[in-house]
Amino acid sequence: MSLLALDIGGTKLMAALVEGGNVLEARRIATDRAGGPTAWLDAAYELCGDWIGRFDRMGIAVTGLVDKQGRWSALNRATLDIPPGTPLTKMAQARFGVPAQALNDAQAAAWAEHRFGAGVGHDLVFLTISTGIGGGAVFGGRLLSGRSGLAGHFGQTRGGADSRLESRVAGRWLAEAAAKTGHASDASAVFEAARRGEDWAGSLRRECLTQVAALCRDIQLTFDPDLIVIGGGIGLSEGFLPDLCAHLAELAPVLRPELVAARLGAEAGVIGAADIAAQTGPTI
Ligand code: BMX
C-alpha cells in the first residue's frame with residue numbers, strides 16, 4: 001500500500017501519495033504563512049482528503065525542528081512561525097486517522113537522496129540552499145538526527161558572526177540585499193540579473209557562492225562524507241554547482257568535497273518522509 005507524505009515548508013505545502021520511492025500523485029498549494037499548525041493540517045486535509053483509504057500511514061517533512069516525540073518548533077521563525085513544541089504527529093494522526101512520523105525537511109531529503117537519488121549507497125551530507133539553508137547527514141546507512149533532531153541545521157550556525165549563516169547567504173538575504181541596492185528582486189531574479197552581467201547582482205551571487213563554498217569545506221572537515229549533495233532553488237540554479245566546485249578547486253584533494261546535484265528535486269522531502277514512515281512502522 002502507498003503512504004501519504006506531506007511537506008510543509010515556508011512557501012509551499014505539498015501532499016503526495018508515495019510507494020517505494022515513487023511519487024504516484026502530488027498536489028501543491030502555497031503555505032498560508034499567517035495560519036498555524038492546525039490551519040496547515042486542515043489545508044493539507046482539504047488538498048488530499050479524497051485519498052483517504054489509499055494509505056495506512058503517513059510521513060511528514062517540515063521546515064523546522066522535530067524532536068523524537070514528534071514535537072515541532074521553529075529554529076528560525078522568519079522561515080515559518082511554528083509555535084514551540086507543537087505536537088505535530090499527534091495532530092496529524094488525529095486529522096488523518098493513521099499513524100504519523102515527522103522529521104525535518106532537509107533531513108528527509110538527505111535520506112531520500114541516499115535511498116533513491118544522487119547518493120545511493122554513499123555516506124553523504126545533503127545541503128539545501130533555498131529560502132533558508134537546511135541540511136541532513138546519512139552515515140553508515142543511518143540518518144543522523146541527534147539528541148533533539150538538530151543534526152544538519154547548517155543554516156543556524158554562526159561561525160564567528162552574530163547572525164545565522166542563512167541570514168547572510170540564502171534566499172531571504174539575497175532579496176533583502178537586492179532591495180538595499182534599489183532592486184526589488186527575489187533570489188532567482190538576482191541570479192538572472194547576474195547572468196545578464198549586471199554588477200550589483202554578480203557581486204551578491206559571488207558572495208553567496210563564497211559563503212556556501214566555505215560551508216562545504218567545513219562540512220568536509222567535520223564529517224568527511226563521500227558526497228555533498230546540493231539541492232534547493234539556489235543550489236540547483238544554472239551554473240551554481242560548477243561555480244561552487246571552482247571555488248573549492250584549490251583545496252588539497254583530501255580536503256576537497258565531492259559535490260553532486262540533488263536528483264529528486266522538490267519531491268525529495270515527501271519521498272524521504274514516506275520512506276522513513278514505511279521503515280519505522282506504526283507508532284501511536
Ligand atoms: C531553516 C529551518 C530549518 C530548515 C531550513 C530550510 C525553521 C522554520 N527552518 O533553517 O529547519 O530545514 O530553514 O528550510 O526553523 P526551507 O524552507 O528554506 O527549505
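Would the range 65-74 turn up any residue that is in contact (Cβ under 8 Å) with a residue 60 or more places away in the chain, polar (S, T, N, Q) and more than 9 Å from the ligand (Cβ to nearest atom)? No, there is no match, as no residue in the range 65-74 is in contact (Cβ under 8 Å) with a residue 60 or more places away in the chain, polar (S, T, N, Q) and more than 9 Å from the ligand (Cβ to nearest atom).
Each row is one residue, and each column tells you yes or no for (1) among the aliphatic types (A, V, I, L, M); (2) buried (at least 22 other Cβ atoms within 10 Å of the Cβ); (3) touching a Phe, Trp or Tyr at 6+ places or on another chain (Cβ under 8 Å).
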position	(1), (2), (3)
PRO84	no, no, no
PHE139	no, no, yes
ARG142	no, no, no
VAL169	yes, yes, no
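Filter the range 36-83 for residues that are under 15 Å from GLN156 (Cβ atoms) and either in contact with a His (Cβ under 7 Å, 6 or more places away or on another chain) or assigned to a loop (DSSP other than H, G, I, E, B) (or both) and give the result. Selection gives THR63, GLY64, ALA74, LEU75, ASN76, ARG77, ALA78, THR79, LEU80, ILE82. Going through (1) within 13 Å of the ligand (Cβ to nearest atom); (2) at pLDDT below 95; (3) more than 12 Å from the chain's Cα centre (by Cα); (4) not aromatic (Phe, Trp, Tyr) one by one, ARG164 falls short only on (2). When residues in the range 111-145 are screened for being assigned to a loop (DSSP other than H, G, I, E, B), within 13 Å of the ligand (Cβ to nearest atom) and of a type in the set (Gly, Ala, Ser), 3 of them pass. For the range 177-207, which positions are among the hydroxyl-bearing types (Ser, Thr, Tyr) and within 16 Å of GLY233 (Cα to Cα)? Across the range 177-207, the qualifying residues are SER185, SER188.
The values are calculated or read from the model by the stated rules, or taken from the named source; none is laboratory data. The structure presented is a predicted model; accordingly, all values stated were derived computationally and were not measured. Every residue, glycine among them, receives a Cβ derived from its backbone with ideal geometry; neighbour counts consider all protein chains shown.
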